[in-house]
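The values are calculated or read from the model by the stated rules, or taken from the named source; none is laboratory data. Quantities reported herein were computed from a predicted structural model and do not represent experimental measurements. Cβ placement follows ideal geometry from the backbone for every residue including glycine, while neighbour counts extend to all protein chains displayed. What goes into the accessible areas is simple: the full protein's heavy atoms, side chains included, and nothing from ligands, DNA or RNA. Shrake-Rupley method; radii C 1.70, N 1.55, O 1.52, S 1.80 Å.
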Amino acid sequence: MASKQNAQTILIEQLKLQVGNISAAIEQQGHTAFGTSRLLSNDEITDFSIEFLELMVALLDSKDPLNHREPAFEALRIFFSNVSKHLLIRGGKMDDLVRYIQFLQRSFLDTLQDDKKVGLDDTRAILLLLSNIFNELSLEVFQTYLKEKEQTILAQQEELRETSTPITEIWDGVLTLPIIGILDSSRTMVVMESLLNRIASDRAKAVVMDVTGVRSIDSQVSHHLIQMMRAIQLMGADAILTGIRPEIARALTSLNIDLGNVTTRATLSDGLKEAFRRMNIHVSAASDI
Amino acid sequence: MSVSTKPSGYHLTPIGGGRFLLEPSTALDISSSEALLEEILQRLQRGKAQKLYYDLADLPLIEPRYYQWLNMLARACCAVNVAMACIRMQPTAAYALSSYMESSPDFSVEQGVREG
């Protein structure tokens, strides 16, 4: 406990004595790491250095700098989390930031080199204290990076879902839904939700679902398909399934899936014709009129 | 043309051309389904009904028990030569129902009351 207190006192003293040198070194390294690639402007690097040193002094001045619930520690953690987000948004690499954090730690240690008064026990305590703080900061940067990546992946998945299942009103009261790729449970839920809401809002009379883009089908997927067709019919609309390829038809038969209650047509075009026929719509060439 | 409100939790309204509109309220007690069924059928027969529209607009979910009630009513209507159609099913209800129903329902489904 005494050596920890001592380590804090020595570090604060060193910081106060050598704040100019440390700040200059941090800024210099900041320019090398982020300035050349224009990830941060000169002003931002200066602000970063000043704020970091202020937060570091506040932490070392606190009751227990190793307590991660200490408000000063929390402030430092949030500061690094924000810097990480900022850099990642601008295309920065996590490795550069982690290396920079290692440099920050080293710059503190360098200040102790010339001080002959610091004994072995104190040096060990200072090393432990700094490693603990900076390891936690590196971890924070890593977690921020993971969270940002996760959010990006989720956003991309959402976008992909929306673009891969475009529901189009091809005619008054006729919706088309081409399904491409794999139809899993979560996708079925998303597609069904938007499709059923569209049927309700557009008062659609027919839905043509085209599965030409579905490469393979298993028991789960086929049940999702049947569930979708049933839900469409329950909304009072006609469901027409088109584009079932021979291999899919064979798979459906071997899976004992009964398509008896489902209207099927070979192509999307045939499906649309069927929808128009049911709605008493006649489409003809202008020259025929 | 009379609109009747029954304490059993539904409105049954003749809408012309032998058609009736049944609007259930949240107070509809389907636990005494047989008594309820008899009461509805009696009124349909008295009104010389040919078609019954069952309005599901206020039902965000249809549970298996409620689905069973709808099927039972549809079969009973069929027995007295009245066709039953459920109308204005909510997307949430359609989704839930499609996940557990195993065969086609005994009633037909339409988006709304057809012009008579």
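Counting Lys and Arg as +1 and Asp and Glu as -1, each charge on the Cβ, what is the dipole of the stretch B:4-116 about the Cα centre in debye, to the nearest 20?
Numbers: 10 positive and 12 negative charges, 82 e Å.
Dipole of the stretch B:4-116, to the nearest 20 debye: 400 debye.
Ignoring trypsin sites (Lys or Arg not before Pro) that are buried or in helix or strand per DSSP, and keeping those with at most 14 other beta carbon atoms within 10 Å, what is the longest stretch of chain A between them? List each step's numbers first, then the result.
Details: sites that count: A:ARG38, A:LYS63, A:ARG69, A:ARG90, A:LYS93, A:LYS116, A:LYS117, A:ARG203, A:ARG215.
Excluding the exposed sites themselves, the longest stretch runs over A:118-202.
Considering Cα pairs under 8 angstrom that are at least six residues apart, work out the relative contact order of chain A and quote it in whole percent. Spell out each step's value before the answer.
Values: 298 pairs, mean separation 38.8, N = 289.
About 13 percent, as a whole number.
Restricting to Cα pairs below 8 Å that are 6+ residues apart, what does the relative contact order work out to for the stretch A:22-112? Please round to a whole percent. Please report the intermediate quantities before stating the final value.
Details: 54 pairs, mean separation 31.4, N = 91.
Worked out over the stretch A:22-112, it gives 34 percent.
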_Using C-alpha positions alone, give me the convex hull volume of the protein assembly as shown per residue in cubic angstrom._
270 Å³
*If you average 1/r over all unlike Cα pairs in the stretch A:168-288 and invert the result, what Kirkwood radius do you get in angstrom?*
14.7 Å
_Highest-MSF residue in chain A out of A:ILE101, A:ILE26, A:ILE257 [GNM, Cα springs under 10 Å]_ = A:ILE257
*Taking chain A as a Gaussian network, where each spring joins two C-alpha atoms under 10 Å apart, which residue of A:SER254, A:SER62, A:SER138 fluctuates the most?*
A:SER254
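Under the rule a/c < 1.5 gives rounded, and otherwise a/b versus b/c splits prolate from oblate, where does the stretch B:4-110 land using the Cα gyration tensor?
Values: a/c = 1.58, a/b = 1.42, b/c = 1.11.
Cα axes put the stretch B:4-110 in the prolate bin.
What does the helix-only formula give at 222 nm for chain B: each DSSP H stretch with n ≥ 4 adding -39500 (n - 2.57), the total divided by the residues, and the result rounded to the nearest 500 deg cm²/dmol?
-11000 deg cm²/dmol
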*For the stretch A:209-216, take each phi angle, set θ = phi - 60°, evaluate the Karplus expression 6.51 cos²θ - 1.76 cosθ + 1.60, and give the result in whole Hz per residue in order, putting x for glycine and proline.*
9, 9, 10, 4, x, 8, 7, 9
_Given a 1.4 angstrom probe, what's the average accessible area per residue across chain B, in square angstrom?_
53 Å²
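Considering every residue in B:87-94, what mean count of other chain Cβ atoms within 10 Å of its Cβ is obtained? Could you put the intermediate results ahead of the total?
Values: counts 1, 3, 8, 5, 13, 4, 4, 13.
Mean partner shielding for this stretch: 6.
In Å², nearest 100, what accessible area do chains A and B bury in total when the solvent probe is 1.4 Å? Don't skip to the end; give the middle numbers.
On the way: alone 16600 and 6790 Å², together 22030 Å².
The summed interface area works out to 1400 Å².
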*asked:* Helix-only estimate, please: 222 nm mean residue ellipticity of chain A, summing -39500 (n - 2.57) across DSSP H runs of length 4 or more and dividing by its residues, to the nearest 500.
replied: -22000 deg cm²/dmol
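For A:ARG245 and A:SER269 in the same chain, what is the full-extension length gain: residue separation times 0.36 nm, less their Cα-Cα distance, in nm? Write out the running numbers ahead of the final one.
Values: separation 24, 0.36 × 24 = 8.64 nm, distance 1.49 nm.
In short, 7.2 nm is gained.
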*Could you work out the relative contact order of the stretch A:2-159, using alpha carbon pairs under 8 angstrom and six or more residues apart, expressed as a whole percent?*
33 percent
*Could you check which residue among B:ALA96, B:ALA83, B:ALA35 shows the biggest mean-square fluctuation in a GNM of chain B with a 10 Å Cα cutoff?*
B:ALA35
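How large a share of the accessible area of the stretch A:114-251, in percent, is made up of carbon and sulfur atoms when the probe is 1.4 Å and the other protein chains stay in place?
Working: 3940 of 7160 Å².
The value for the stretch A:114-251 is 55 percent carbon and sulfur by accessible area.
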*In whole angstrom, and with the biggest value first, how far do the Cα coordinates of the stretch A:2-159 range along each principal axis?*
60, 32, 21
